[in-house]
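The values are calculated or read from the model by the stated rules, or taken from the named source; none is laboratory data. In this text the structure is predicted, and so the values were computed from the model without any measurement. Cβ atoms come from the backbone with ideal geometry, glycine included; neighbour counts cover every protein chain shown. Each accessible area value is taken on the protein alone, full model and side chains, heavy atoms only, with ligands, DNA and RNA left out. Shrake-Rupley method; radii C 1.70, N 1.55, O 1.52, S 1.80 Å.
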Amino acid sequence: MTLSSQVIPAATPSAPGTATPPAGSPAPLGRFDRLAPRLHRYGLAMLGAGLGGVFVWFGILKVIGLSPAAALVVDVLPFPAGGWFVPALGWAEVALGLWLMSGRVRALALPVLTAHLCGTFAVLVLTPAVAFAHSNPLLLTLVGEFVVKNVVLLAGVVVVTTRPHR
């Protein structure tokens with residue numbers, strides 16, 4: 001059986017200086033596909049620096065007594081907190097931020113950072129009236145949004161602390 005040129009299209013000539021990939025080989029990568037691995041590597045570094053920077057920034061605000069979250073922290077605690085607690089929490093956040101930026105002992109950093117961020121969800125359980133408008137869990141107040149955004153911080157912490165070694 002023979003196939004005519006009507007069934008099999010004639011090969012088109014390649015442009016000068018370009019090679020036609022052999023049949024069955026993958027298509028050449030586009031510009032984005034070639035750039036994506038480098039962007040991913042830089043993105044992970046930026047995510048680690050950004051997360052660490054947020055922890056340091058928020059911690060310093062607690063240490064110097066200018067954190068808008070200080071009253072919320074004290075109101076949610078199940079024990080009476082003295083004037084020492086919020087600054088101590090601030091120093092802990094500064095240390096966590098620096099630890100996150102350093103990239104050292106990530107296996108230990110993950111549970112510590114996870115515990116800290118999950119602790120912020122206590123607001124949703126212990127003082128729901130502050131987090132939800134009209135007792136509706138779908139209607140977040142400003143405080144509720146402040147707390148719920150920690151889901152994103154937690155996801156970032158998981159990504160940064162579990163990235164494989166190079």
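Observations on the model:
- Rolling a 1.4 Å probe over the protein heavy atoms of segment 22-166, with every protein chain left in place, gives an accessible area that is 73 percent carbon and sulfur.
- Proximity of backbone amide H atoms, modeled 1.01 Å from N, is registered between PHE132 and THR141 at under 5 Å, excluding neighbours fewer than 5 places apart on the same chain.
- Estimated at 0.36 nm per residue, the fully extended path between ALA71 and ALA95 surpasses their Cα-Cα distance by 6.5 nm.
- Global form of segment 65-166, assessed from the alpha-carbon gyration tensor, a/c cut-off 1.5: oblate
- Alpha-carbon centroid distance for the pair segment 87-104 / segment 60-80, whole angstrom: 16
- Estimated inter-spin distance, VAL130 and ARG163, nm [label 7 Å along Cα→Cβ]: 3.4
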